[in-house]
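For reference, the structure is listed below as structure tokens.
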Amino acid sequence: MATFLYKLGRLAFRRRHFVALIWVALLTLAGVGAASAPAAGTTSFSIPGTEAQKAFDLLEQRFPGMSADGATARVVFKAPDGQKMTDAANKATVEETVKELSDGSEVASVADPYTAHAVSKDGTIAYASVRYEVSGMELEDASREALQDAAQDARDAGLTVEVGGDALQATPETGTTEIIGIAVAAVVLVITFGSLIAAGLPLLTALIGVGIGISTITALAGALELGSTTSTLAMMIGLAVGIDYALFIVSRYRVELAEGREREEAAGRAVGTAGSAVVFAGLTVVIALVGLSVVNIPMLTKMGIAAAGTVVIAVLIALTMVPALLGYAGRKVRPAGRKSRWMGGNRAEKKTASGTAKPNMGTRWASFVVRRPVAVLLLGVVGLGAAAVPAASLELGLPDDGSQPTSTTQRRAYDLLSEGFGPGFNGPLMVVVDAKGSDDPDAVFKNVGDDIKGIKNVVTVTPPAPNKAGDTATITVIPDAKPSSVTTENLVHAIRDKGAEVKAETDATVLVTGSTAMNIDVSEKLNDALLPYLALVVGLAFLLLIVVFRSILVPLKAALGFLLSVMAALGAVVAVFQWGWLAGLMGVEETGPVMSMMPIFMVGVVFGLAMDYEVFLVTRMREAYVHGEKANQAVVTGFRHGARVVTAAAVIMMAVFAGFIGSSESMVKMIGFGLAIAVFFDAFIVRMAIVPAVLALLGKRAWWLPKWLDRALPNVDVEGEGLRTDADAKKDADPDEDRALARV
């Protein structure tokens, strides 16, 4: 591996014009494809295997044109103080608003409050239900504007009007956050390298890689039915690993220059050594992202595969375009005026007044850990264990309008409906009764409705609404608790248990669906998939790391450390977003269940980044050990060369993720906080403290591998031993060069 990449790096350095032209051509081609590609069509959100999805599919068959997964809006009206919605003037305003709403091209139906009995008992609040033919993410801007204009017209007439539902849902705008993240990355890189040229290379190559990846996703969106959110994960991961991988190679190139090698040789060795770490780090990320397919949620699978493709592009760019750009940069990648004091991304050890070498921060920290490994290990494990304690109380769910900030119209509509009709009104359940083949379907429908009325925590059960064929009916059930509550979840299961009894007695099928039931099913599906996903990802990565490090204990330590950091991060998320600790500081207005996608999403993203840091840091230790250093000294050497670079990479990622904490969307805020704290725990506590402490305790046993396994494994030579052997062979073959060097 090292020899092949060494040759590739030298080739890219020599043929830099050709390599740069290829990548610019690919970027141009992808950009043209994205610009000329037709707009992506409507993509439905499906959860195969869940009861809610089966009910949606049945509704589409038995109720043509119902658009079960179409966007919905609830336009909520409140009369001025002392008035009622049944007053003539207020009623006329509402009816005019309903008429205005019905004119939309994507509107499937609008329910008038006065004919649909959608007026509160005290007469002060009413609502109109609007159903659209397409999902909220695919709704045209014109339809959203028409909805908002109609609400504003009613406000102008004197009513309080708010709009709930998913019709106003839009793709989150993250451009500002990305710019802030890139700006922070630039500052950290300049501080790390002390050179604008060296700092600019990782940013430039990362942006090119992300540009190619996102443009390709956009170009293929229509053909592959990719949703508008597919590129979100790809952009986040692509930017993260793109900067990391280029940072690793540029840092190693500077080390090779500082050791006196010529530029082409330095580029080759940088790609042969750091590039080997990049390849295997990239493979672990790809495994984590492609592994999302085990959840069997099509949207999540597509997001994972698209992001994995962007990671592959980032690896290829790091191995080819980075050495090509280093060829253009010449020796300018060294900081001006300090060439003798810097090595790679680390300050070279300065001379003290007595002439002895003054170790850098990484060396001093690693030396301390090696001297006190038990204390550092216990402190790190106990600290992360304490942070992980709240994770035992983890409750999963999907956000609804009740978790929105109070400044949004969706949240105000949610509160008005709770005030007028009760908290459960915001999460109605739709029960679908399939009585096809029954002798008396109407009797079945009525009996099911009566049975549901007798279940605890049910407020209202509407009369069955059969289809034209009369073999299928829908029943709306209003719970007495809010949608995200455990009480509502238990009610869904109780109705399904009752449906199983009906199936046994009458052979009719009873299914529960609606957005609330779908959220419950998604949460349970993701929760059930978490352990298999962890086993798959960690297991495959463990096998891969055995090949990389040629050790059993080092990969085992890497996997256990990752699990510890993820549990600690989940504990922090529960403490802030579920328990409300530091909620004011984080801008959390409403506590509640943790987003159901959060654990599995965090595992996929953080695992990839954690393995980046692990591979880059520990391969330098392995390299030093293989080249003859004692085990504990190899730990210190690895930190001397790698600690500053890993620190810079982690700070950049934390800054990028932390930028999302300022979002008004609770889901985005939660993801940003969770990923930022997870990177902090993993990079600075696990990789920088626990890892060297464990390696110091294990000593040379850390690199033990059974002989039979050593013979069976392929020799990938990540540490570049083959490069040193080749160099020694060339040196032995040229005795004149030896004599010349001796004279020097």
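The values are calculated or read from the model by the stated rules, or taken from the named source; none is laboratory data. The model shown is predicted, which means the values in this text are computed figures rather than measured ones. Note that each Cβ is placed from the backbone with ideal geometry, even for glycine, and that neighbours are counted across all protein chains shown.
As an exercise: evaluate residue 281 against (1) under 23 Å from residue 535 (Cα atoms); (2) hydrophobic (A, V, I, L, M, F, W, C); (3) modelled with pLDDT of 85 or more and give the number of the one condition it does not meet.
(3)
Just to check your reading of the model, which residue among 444, 459 is assigned to a helix (DSSP H, G or I) and either at pLDDT below 90 or not assigned by TED's automatic domain parsing to the domain that holds residue 120 (or both)?
None of the other options fit; the residue is 444.
Quick check on the stretch 76-84. Is at least one of its residues in contact with a helix residue (DSSP H, G or I) (Cβ under 7 Å, 6 or more places away or on another chain), surrounded by 19 or more Cβ atoms within 10 Å (Cβ to Cβ), more than 23 Å from residue 166 (Cβ to Cβ) and not assigned by TED's automatic domain parsing to the domain that holds residue 462?
Taking every residue of the stretch 76-84 in turn, at least one turns out to be in contact with a helix residue (DSSP H, G or I) (Cβ under 7 Å, 6 or more places away or on another chain), surrounded by 19 or more Cβ atoms within 10 Å (Cβ to Cβ), more than 23 Å from residue 166 (Cβ to Cβ) and not assigned by TED's automatic domain parsing to the domain that holds residue 462.
Among the residues of the stretch 509-529, is there at least one that is in contact with a Pro (Cβ under 6 Å, 6 or more places away or on another chain), in contact (Cβ under 8 Å) with a residue 12 or more places away in the chain, part of a helix (DSSP H, G or I) and not polar (S, T, N, Q)?
So far as the stretch 509-529 goes, no, none of its residues is in contact with a Pro (Cβ under 6 Å, 6 or more places away or on another chain), in contact (Cβ under 8 Å) with a residue 12 or more places away in the chain, part of a helix (DSSP H, G or I) and not polar (S, T, N, Q).
Of everything in the stretch 420-448, what is of a type in the set (Asp, Glu) and in contact with a Lys or Arg (Cβ under 9 Å, 6 or more places away or on another chain)? Give them in sequence order.
434
May I ask you to list pairs of residues, at least six apart or on different chains, whose Cβ atoms are under 7 Å apart, with the first in the stretch 644-657 being in contact (Cβ under 8 Å) with a residue 40 or more places away in the chain and the second being basic (Lys, Arg)?
646/687
Among the residues of the stretch 4-18, are any of a type in the set (Phe, Trp, Tyr), modelled with pLDDT under 80 and surrounded by fewer than 19 Cβ atoms within 10 Å (Cβ to Cβ)?
Among the residues of the stretch 4-18, not one is of a type in the set (Phe, Trp, Tyr), modelled with pLDDT under 80 and surrounded by fewer than 19 Cβ atoms within 10 Å (Cβ to Cβ), which makes the answer no.
To keep it simple, each residue is scored yes or no on (1) outside any loop (DSSP other than H, G, I, E, B); (2) within 30 Å of residue 436 (Cα to Cα).
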{"position": "77", "(1), (2)": "yes, no"}
{"position": "83", "(1), (2)": "no, no"}
{"position": "86", "(1), (2)": "no, no"}
{"position": "91", "(1), (2)": "yes, no"}
{"position": "97", "(1), (2)": "yes, no"}
{"position": "108", "(1), (2)": "yes, yes"}
{"position": "128", "(1), (2)": "yes, no"}
{"position": "142", "(1), (2)": "yes, no"}
{"position": "154", "(1), (2)": "yes, no"}
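What are the pairs, 6+ residues apart or on separate chains, where a residue within the stretch 189-215 that is in the same structural domain as residue 231 (by TED's automatic domain parsing) has its Cβ under 8 Å from a residue that is basic (Lys, Arg) and in a loop (DSSP other than H, G, I, E, B)?
Pairs found: 194/338; 195/334; 198/334.
Among the residues of the stretch 649-681, write down those that are surrounded by fewer than 24 Cβ atoms within 10 Å (Cβ to Cβ) and within 21 Å of residue 274 (Cβ to Cβ).
If the condition is that a residue be surrounded by fewer than 24 Cβ atoms within 10 Å (Cβ to Cβ) and within 21 Å of residue 274 (Cβ to Cβ), then 650, 651 are the ones that fit.
Of the residues 600, 661, which is part of a helix (DSSP H, G or I), touching a Lys or Arg at 6+ places or on another chain (Cβ under 6 Å), under 30 Å from residue 397 (Cα atoms) and of a type in the set (A, V, I, L, M)?
Going through 600, 661 in turn, just one is part of a helix (DSSP H, G or I), touching a Lys or Arg at 6+ places or on another chain (Cβ under 6 Å), under 30 Å from residue 397 (Cα atoms) and of a type in the set (A, V, I, L, M): 661.
From the set of residues in the stretch 303-334 that are modelled with pLDDT under 85, assigned to a helix (DSSP H, G or I) and not small (Gly, Ala, Ser), which is farthest from residue 202 (Cα to Cα)?
303
Look through the stretch 439-473, keep the residues that are hydroxyl-bearing (Ser, Thr, Tyr) and without any contact (Cβ under 8 Å) to a residue 40 or more places away in the chain, and return whichever of them is nearest to residue 486 (Cα to Cα).
Among those residues, the one meeting the criterion is 460.
Considering only residues that are within 27 Å of residue 671 (Cα to Cα) and at pLDDT 90 or above, which ones fall in the stretch 133-178?
Once the filter is applied, which keeps residues that are within 27 Å of residue 671 (Cα to Cα) and at pLDDT 90 or above, the stretch 133-178 yields only 163.
For the stretch 560-602, give me the residue count where each residue is of a type in the set (Ser, Thr, Tyr) and surrounded by fewer than 22 Cβ atoms within 10 Å (Cβ to Cβ).
Of the residues in that region, 1 qualify.
Kindly indicate whether residue 134 is assigned to a loop (DSSP other than H, G, I, E, B), within 26 Å of residue 429 (Cβ to Cβ) and touching a residue at least 24 places away in the same chain (Cβ under 8 Å).
Yes.
Within the stretch 486-498, restricting attention to residues that are crowded, with 22+ Cβ neighbours inside 10 Å and over 17 Å from residue 462 (Cα atoms), which residue is farthest from the chain's Cα centre (by Cα)?
Here the residue is 488.
Rundown of residues vs (1) at pLDDT below 85; (2) assigned by TED's automatic domain parsing to the domain that holds residue 598; (3) within 19 Å of residue 398 (Cβ to Cβ), yes/no style:
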residue: 478; (1), (2), (3): no, no, no
residue: 484; (1), (2), (3): yes, no, yes
residue: 488; (1), (2), (3): no, no, yes
residue: 491; (1), (2), (3): no, no, yes
residue: 502; (1), (2), (3): no, no, no
residue: 513; (1), (2), (3): no, no, yes
residue: 526; (1), (2), (3): yes, no, yes
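Within the stretch 277-287, can one find any residue that is buried (at least 24 other Cβ atoms within 10 Å of the Cβ) and touching a Gly at 6+ places or on another chain (Cβ under 7 Å)?
Yes: the stretch 277-287 contains one or more residues that are buried (at least 24 other Cβ atoms within 10 Å of the Cβ) and touching a Gly at 6+ places or on another chain (Cβ under 7 Å).
Pick from the stretch 289-315 the residues that are without any contact (Cβ under 8 Å) to a residue 60 or more places away in the chain and of a type outside the set (Gly, Ala, Ser): which of them is nearest to residue 525 (Cα to Cα)?
Taking the candidates together, the pick is 301.
Contact list please: Cβ distance under 6 Å, first residue in the stretch 5-26 and assigned by TED's automatic domain parsing to the domain that holds residue 205, second residue of a type in the set (D, E, K, R) and buried (at least 16 other Cβ atoms within 10 Å of the Cβ), pairs at least six apart or on different chains.
Short answer, once both residue conditions are applied: 10/264; 13/264.
Would you confirm whether any residue within the stretch 711-722 is closer than 30 Å to residue 647 by Cβ, β-branched (Val, Ile, Thr) and modelled with pLDDT of 80 or more?
Looking through the stretch 711-722, none of the residues is closer than 30 Å to residue 647 by Cβ, β-branched (Val, Ile, Thr) and modelled with pLDDT of 80 or more.
Report yes if residue 587 is touching a helix residue (DSSP H, G or I) at 6+ places or on another chain (Cβ under 9 Å), on the phi > 0 side of the Ramachandran plot and not assigned by TED's automatic domain parsing to the domain that holds residue 189, otherwise no.
Yes: the conditions hold for residue 587.
Could you count how many residues in the stretch 544-558 are at pLDDT 85 or above, part of a helix (DSSP H, G or I) and over 15 Å from residue 617 (Cα atoms)?
3
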